[in-house]
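Asker: Dumping the structure here so I can ask a few things about it.
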Amino acid sequence: MGFLGKNKPGTVAAANTRTQGQWAEDRALAHLQSAGLRLLARNYRTPGRGGGEIDLVMREPDGTVVFVEVRSRSSQAWGGAGASIGATKQRRIVFAAQHFLLRLGAQPPCRFDAVLLEPDISWIRGAFDAQ
């Protein structure tokens, strides 16, 4: 039986979700790079269980570190892509950002952005803050 075999329920859906997520991140990354941002990390995860993950960590030309959450939705139903970045998700992103910043010597200016694909691309600077 192959990787997407019948003995693993949900495997096809999980593979499709991963493929869609990868496509959305690739598109967001290209959009941000075309705007002059430089990639520092992709899919940055904190060690251990219960931590957070950041889709893209970018740097603006002025040195600002930008933590980017990428969301993709095929429609605006149920609030669209932006509505899926709730308080719990924001806390996990902030936690991962704090962990990432510990690796840097000096504390640079930073912000939290969102790139939404529904299906057009929208870049929301300062989508939420660390408080």
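Asker: Looking at Val68, Val94, Val57, which one is out of contact with any Pro (no Cβ under 6 Å at 6 or more places or on another chain), at pLDDT below 95 and surrounded by 17 or more Cβ atoms within 10 Å (Cβ to Cβ)?
Answerer: Matching residue, one of Val68, Val94, Val57: Val94.
Asker: Got a number for residues in segment 56-74 being among the acidic types (Asp, Glu) and more than 16 Å from Thr88 (Cα to Cα)? Full working, then the answer.
Answerer: Initial filter on segment 56-74 (among the acidic types (Asp, Glu)): 60, 62, 69.
If we keep only those that are more than 16 Å from Thr88 (Cα to Cα) as well, we get 60, 62.
Of the residues in that region, 2 qualify.
Asker: Among the residues of segment 72-91, which ones are modelled with pLDDT of 90 or more and surrounded by 17 or more Cβ atoms within 10 Å (Cβ to Cβ)?
Answerer: Gln90
Asker: Taking into account only those residues within segment 117-131 that are of a type outside the set (Val, Ile, Thr) and out of contact with any Phe, Trp or Tyr (no Cβ under 8 Å at 6 or more places or on another chain), which is surrounded by the most Cβ atoms within 10 Å (Cβ to Cβ)?
Answerer: It comes out as Leu117.
Yes or no, residue by residue, for (1) part of a helix (DSSP H, G or I); (2) touching a residue at least 40 places away in the same chain (Cβ under 8 Å); (3) under 27 Å from Arg49 (Cβ atoms):
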residue	(1), (2), (3)
Arg91	yes, no, yes
Ala97	yes, yes, yes
Phe100	yes, yes, yes
Leu104	no, no, yes
Pro108	no, yes, no
Arg111	no, yes, no
Ala114	no, yes, yes
Pro119	no, yes, no
Ile124	no, yes, no
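Asker: With respect to Gly48, is the statement that it is of a type in the set (Gly, Ala, Ser) and either touching a residue at least 12 places away in the same chain (Cβ under 8 Å) or assigned to a helix (DSSP H, G or I) (or both) true?
Answerer: no
The values are calculated or read from the model by the stated rules, or taken from the named source; none is laboratory data. These figures come from a predicted structure and were not determined experimentally. Positions of Cβ are generated from backbone atoms using ideal geometry, with glycine treated the same way; all protein chains shown enter the neighbour counts.
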